[in-house]
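Some notes on the structure that comes next.
The values are calculated or read from the model by the stated rules, or taken from the named source; none is laboratory data. Given the structure is predicted, the values throughout are model-derived calculations rather than measurements. Cβ: placed from backbone, ideal geometry, glycine included. Neighbour counts: every protein chain shown.
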Amino acid sequence: MAEMDTSSSGGHKKGPGVKKGKKLSTRIDLTPMVDLGFLLITFFIYTTTMSKPKTMEINMPFKDEKLKVDTTKIKASTALTILLSKNHRIYYYEGLGDDPTVPPDVKVTTFKNPGGIRTEIMAKQKKVNELRRTGQLTDKDQTAILIKPDSTSSYSDLVNILDEMSINDVRVYAIVDISPVDQDFILKTEQANGGK
């Protein structure tokens, strides 16, 4: 038990014949203060946020209705479409996949390296650079990646693919709503791979 003694060791000397009075010491019990201190510490630990949530700023393209020319139109030869699905699987194909008569060659990969999605992004960048070097594309044409997360994909997969855009220095990419055609591509690829 913590206590504080406030009695004084010295005092005034009194003359002869004066009786000394009984000196009472003042004692303050600090045990409740210790308990209160621990209660306050516990309260503030529980009510204080341990870590602040981190947010990622994404600038979405602004579409001006007055402009007649669609400046966001990308060429199929520069495009790589990435479909995020369940169980951290990534389906991808080159091009836009907008021609129903010619379905794209959909492949499956993961975030593992080497041989994952990073390898495919780098391969696409090399192809686009080669097309620019041979004159089939202009210097303004860059690798464009369309990211289409499925409703079964996780938020961490979206963050990971955005990290891949930063790592590979991809300047042109967009997060686009997945279409029923793309979901059909995923389903057909799963069936071709035995449901894996």
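Details
- Among the residues of segment 102-147, those that are within 27 Å of the chain's Cα centre (by Cα), outside any helix (DSSP H, G or I) and of a type in the set (Val, Ile, Thr) comprise VAL106, VAL108, THR109, THR110, THR143, ILE145, ILE147.
- Matching residues, segment 169-196, being more than 20 Å from LEU96 (Cβ to Cβ) and touching a strand residue (DSSP E or B) at 6+ places or on another chain (Cβ under 9 Å): GLU190, ASN193, LYS196
- Pairs where the first residue, in segment 25-37, is in contact (Cβ under 8 Å) with a residue 40 or more places away in the chain and the second is of a type outside the set (A, V, I, L, M) and part of a strand (DSSP E or B), C-beta under 9 Å, 6+ apart: none
- Candidate set: segment 153-175, residues that are touching a helix residue (DSSP H, G or I) at 6+ places or on another chain (Cβ under 9 Å) and closer than 15 Å to SER85 by Cα; chosen: the one surrounded by the fewest Cβ atoms within 10 Å (Cβ to Cβ): SER156
- Selection count where residues are among the hydrophobic types (A, V, I, L, M, F, W, C) and at pLDDT below 65, scope segment 57-91: 4
- Filter result for LYS188 (assigned to a helix (DSSP H, G or I) and at pLDDT 85 or above): no
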